[in-house]
There are 4 protein chains.
Amino acid sequence: MKRKDDRKVGQIFQAALKLVVSKGLSGITMGDISKAAGIATGTLYVYFKSKDELINALFAACRENSVAHSFKGYDPAQPYKVGFKHVWLNILRYRLHNFEEAVFMEQCYHSPFITPETREKASRLAAPYNELLERGKKEQLLKPVDTGLLITFLVGSMNELVKQTHYHGTTLTRTRINTTFDMCWDALKS
Amino acid sequence: MKRKDDRKVGQIFQAALKLVVSKGLSGITMGDISKAAGIATGTLYVYFKSKDELINALFAACRENSVAHSFKGYDPAQPYKVGFKHVWLNILRYRLHNFEEAVFMEQCYHSPFITPETREKASRLAAPYNELLERGKKEQLLKPVDTGLLITFLVGSMNELVKQTHYHGTTLTRTRINTTFDMCWDALKS
Amino acid sequence: MKRKDDRKVGQIFQAALKLVVSKGLSGITMGDISKAAGIATGTLYVYFKSKDELINALFAACRENSVAHSFKGYDPAQPYKVGFKHVWLNILRYRLHNFEEAVFMEQCYHSPFITPETREKASRLAAPYNELLERGKKEQLLKPVDTGLLITFLVGSMNELVKQTHYHGTTLTRTRINTTFDMCWDALKS
Amino acid sequence: MKRKDDRKVGQIFQAALKLVVSKGLSGITMGDISKAAGIATGTLYVYFKSKDELINALFAACRENSVAHSFKGYDPAQPYKVGFKHVWLNILRYRLHNFEEAVFMEQCYHSPFITPETREKASRLAAPYNELLERGKKEQLLKPVDTGLLITFLVGSMNELVKQTHYHGTTLTRTRINTTFDMCWDALKS
DNA sequence: CATGAATGAGTCTTCATTCAT
DNA sequence: GATGAATGAAGACTCATTCAT
């Protein structure tokens, strides 16, 4: 028998992401995805019970991927600001290099595709970010305000920066990156 | 266009916005919109040539509305920070009270519905924001960095704040608002 | 506006019946039905929410039609056997002339299309038959056995007779009809 | 065909029959059958070239089984009515105990699955029934009418009786059976 | 203008069948 | 032989759009 091929899920995900960026979450069809993935439409249903499930699975995978990247190489032993900047850069790098994933996830935010379960699962993955910011507050380096608010700044500014970079074609020089980081740090630092 | 018509366009827009929040931009149909607006499907086509046109018109209307709100009561004669905060609060208030519009506009960002023309028209409306920030730089109150970057912080953080407020049900106290403004100001101020 | 056309339901029913006889209940598609009815596929959904609903509605209509025919011209004032034969002939005539309906209803018997509600509704329509046989028992003309059993003979024999007539191409002469009636009567009479 | 294979064919048939009763002839899929039979879908195609062939084979098998049962223990040497009742009871017993087969065969009647060849083969198996009734006519115990008509009564009444028993949950007491037989005999006897 | 029935292209999904293992 | 993943044609159903009233 033919073994279920795990690489195929990857192909499907890649195809879906590419399509979401070019046609929007609303515009993609199972036919498009299968064609882009180089498989038959029916094959999609071997791996995912429905379009909904496919989208949810992709969302979960992106989310996990994103979190995993954020803390790659993070060393809690280092001084706070060093570690913080490391993570900040990780996130930025991830969003730039995986722009498609970032766009997809944002599109999912208000879509009826994402089920409450998936949403719930996603928010549980936010824990490491929370901890990072809590630590900053404990070391009295960050403003003693609601962690959610701090994250808001972290994420919100990054989002717009990446979008702008991508769409306005601005090249993200080292200086520009540092400037942005400084602004972010100024916002958060106590 | 008589007044009667305008009222109907308003109903259509309201209906569409409500539906986008609950079902996503992908999920709305002309049938849904007409039903929610209390008119017949065919009547939609009296006011809009197609679904695309309806969405684009709504997008443009929201965008204009948003800009108009931002500068309501803004007095350039006042000291910079006072005026800046005024605008900042206007934007925040707008996004909170017109959450549906905000969601709709975000959903439109990557959708194939919005034509380049509409996009172009929208970005031209950004001029007042640019001017506001340029003035701040001229008065050496804001960091001498790319205006786009400054806007990024302004908008990005606000976006996330509003989303959070809405979804996590946090009440936005005066203190919380001020804290957020301070963070934003800290990020931008030179 | 275009008025919903009641004749269209009739066309749809006729088309469906014809197709069930030629291709079996299993083999019919909404596309086939619409084509045979001379309308667009989508139009079917103006009149019926789903294929299931269409089949159930058709079943109910056939059932009603069948019962209505059975007692046409039946006069309770006449001697029992005369009235009984009248009904018997009505049923036979109905089944022969509306062979498609008869086949369709038989096909429905074990199909998952028919909902319990429809089934229930159908069996409630059996009341007149029950009464007819009860009367025969009361007048001591029929065997004093379970009414269900009597109906079994009435219906079962007729069913097979009609099928045979139709498929083997036997012509149903007056003699043959009378012979069959006599057999039926012999079975039921006390 | 080894014994092992035959057992598998049996499993397949059993699975198919069970599914036809629960989901109708229209509703069964090769996937369902294979799952219910505890084998892989592909394996079905080792035993049957196609779904059509499977259904036809099953139909033929049921038909043969049915006829075989009918005359089990029948002894032409016995008086006619005794033998006749013996067969009649055999048929009844068969239909009650193999209700699934009976339902399946009825479903097949108007389905496009059954080929003319299968149909032809099936009707050739009716010979013993014909002979039984011919003998009755020759002995002047049965009405001198068309054999087809006689069979019609035999089969038709039995069909309905079995259906009723099954669906209305009536228990078939010995008395009820005898009553029914008497009715049938009354219908046929000269 | 307003209506909503009619249309048919396009969607998701299923399923008989094939084929690599 | 046995398996079940892969295939793609076909089916039920949706929906933007048109048009008769």
task = Tell me which residues, restricted to the range C:1-38, are in contact with a Phe, Trp or Tyr (Cβ under 9 Å, 6 or more places away or on another chain) and buried (at least 17 other Cβ atoms within 10 Å of the Cβ).
result = C:VAL9, C:ILE12, C:ALA16, C:LEU17, C:VAL20, C:VAL21, C:GLY24, C:LEU25, C:SER26, C:ALA37
request  = Return the residue satisfying two criteria in turn: it lies in the range D:169-183 and is farther than 18 Å from D:HIS97 by Cβ and at the interface with chain C (Cβ under 7 Å from one of its Cβ atoms), and of such residues it is surrounded by the fewest Cβ atoms within 10 Å (Cβ to Cβ).
outcome  = D:THR179
key: Pairs where the first residue, in the range C:68-96, is β-branched (Val, Ile, Thr) and the second is in a helix (DSSP H, G or I), C-beta under 7 Å, 6+ apart   = C:VAL87/C:SER70; C:VAL87/C:LEU132; C:ILE91/C:SER70; C:ILE91/C:MET158
task = Search the range D:54-67 for residues being surrounded by fewer than 19 Cβ atoms within 10 Å (Cβ to Cβ) and within 10 Å of D:THR118 (Cα to Cα), and hand back the single one that is nearest to DNA strand E (Cβ to nearest atom).
result = D:ALA57
remark   = Quick count over the range A:111-143, residues being among the polar types (S, T, N, Q) and closer than 25 Å to A:TYR74 by Cβ, is 3
ask   = Has the range D:94-109 got at least one residue that is surrounded by fewer than 15 Cβ atoms within 10 Å (Cβ to Cβ), more than 12 Å from chain C (Cβ to nearest Cβ), within 19 Å of the chain's Cα centre (by Cα) and not hydrophobic (A, V, I, L, M, F, W, C)?
value = yes
query = Which of the residues spanning the range B:17-30 are part of a helix (DSSP H, G or I), at pLDDT below 95 and within 12 Å of DNA strand F (Cβ to nearest atom)?
reply = B:LEU19, B:LYS23, B:GLY24, B:LEU25, B:SER26, B:GLY27
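Please go through the range A:14-39 and give me each residue that is basic (Lys, Arg) and in contact (Cβ under 8 Å) with a residue 40 or more places away in the chain, ordered by number.
Listed by number, the list holds a single entry, A:LYS18.
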ask   = From the list C:TYR45, C:TYR80, which residue is in the same structural domain as C:VAL20 (by TED's automatic domain parsing) and at pLDDT 95 or above?
value = C:TYR45
Pair list, Cβ under 6 Å, 6 or more apart: the range A:1-13 residue within 20 Å of A:SER50 (Cβ to Cβ), other residue of a type outside the set (Val, Ile, Thr) and modelled with pLDDT of 90 or more = A:VAL9/A:TYR47; A:GLN11/A:ALA37; A:ILE12/A:ALA37; A:PHE13/A:LEU58
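Do the conditions hold for D:GLN164, that is, is it within 30 Å of C:LEU19 (Cβ to Cβ), touching a residue at least 24 places away in the same chain (Cβ under 8 Å) and not in a loop (DSSP other than H, G, I, E, B)?
no
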remark   = Sole miss for B:GLU100 among (1) acidic (Asp, Glu); (2) closer than 30 Å to B:ASP186 by Cβ; (3) touching a residue at least 12 places away in the same chain (Cβ under 8 Å) is condition (2)
query = Which members of the range B:68-93 meet the condition of being within 14 Å of another protein chain (Cβ to nearest Cβ) and farther than 23 Å from A:TYR109 by Cβ?
reply = B:TRP88
task = Take the range C:1-16 and flag every residue that is at pLDDT 95 or above and assigned to a loop (DSSP other than H, G, I, E, B).
result = none
request  = Output the residue which, of all residues in the range A:1-29 that are within 19 Å of B:LEU25 (Cβ to Cβ) and aliphatic (A, V, I, L, M), is farthest from the other protein chains (Cβ to nearest Cβ).
outcome  = A:ALA16
request  = Could you tell me whether any residue of the range D:145-168 is at positive phi and more than 9 Å from every other protein chain (Cβ to nearest Cβ)?
outcome  = no
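Here's the yes/no breakdown for (1) among the charged types (D, E, K, R); (2) in contact with a Lys or Arg (Cβ under 6 Å, 6 or more places away or on another chain); (3) at pLDDT 85 or above:
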site: A:GLY136; (1), (2), (3): no, no, yes
site: A:GLU139; (1), (2), (3): yes, no, yes
site: A:ASP146; (1), (2), (3): yes, no, yes
site: A:PHE153; (1), (2), (3): no, no, no
site: A:GLY156; (1), (2), (3): no, no, no
site: A:GLY169; (1), (2), (3): no, no, no
site: A:ARG174; (1), (2), (3): yes, no, yes
site: A:THR180; (1), (2), (3): no, no, yes
site: A:ASP186; (1), (2), (3): yes, no, yes
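Report whether or not B:THR152 is closer than 12 Å to A:LEU149 by Cα and assigned to a helix (DSSP H, G or I).
So B:THR152 does not fit the description; no.
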key: Boolean, C:ILE33 is part of a loop (DSSP other than H, G, I, E, B) and within 16 Å of DNA strand F (Cβ to nearest atom)   = no
query = Can you spot a residue in the range D:40-51 that is away from every other protein chain (no Cβ under 14 Å), without any contact (Cβ under 8 Å) to a residue 60 or more places away in the chain and either among the aliphatic types (A, V, I, L, M) or crowded, with 20+ Cβ neighbours inside 10 Å (or both)?
reply = yes
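The values are calculated or read from the model by the stated rules, or taken from the named source; none is laboratory data. The shown structure was predicted, so the numbers you read here are calculated from the model rather than taken from an experiment. Reconstructed Cβ throughout: ideal geometry from the backbone, glycine too, with neighbour counts over all protein chains shown.
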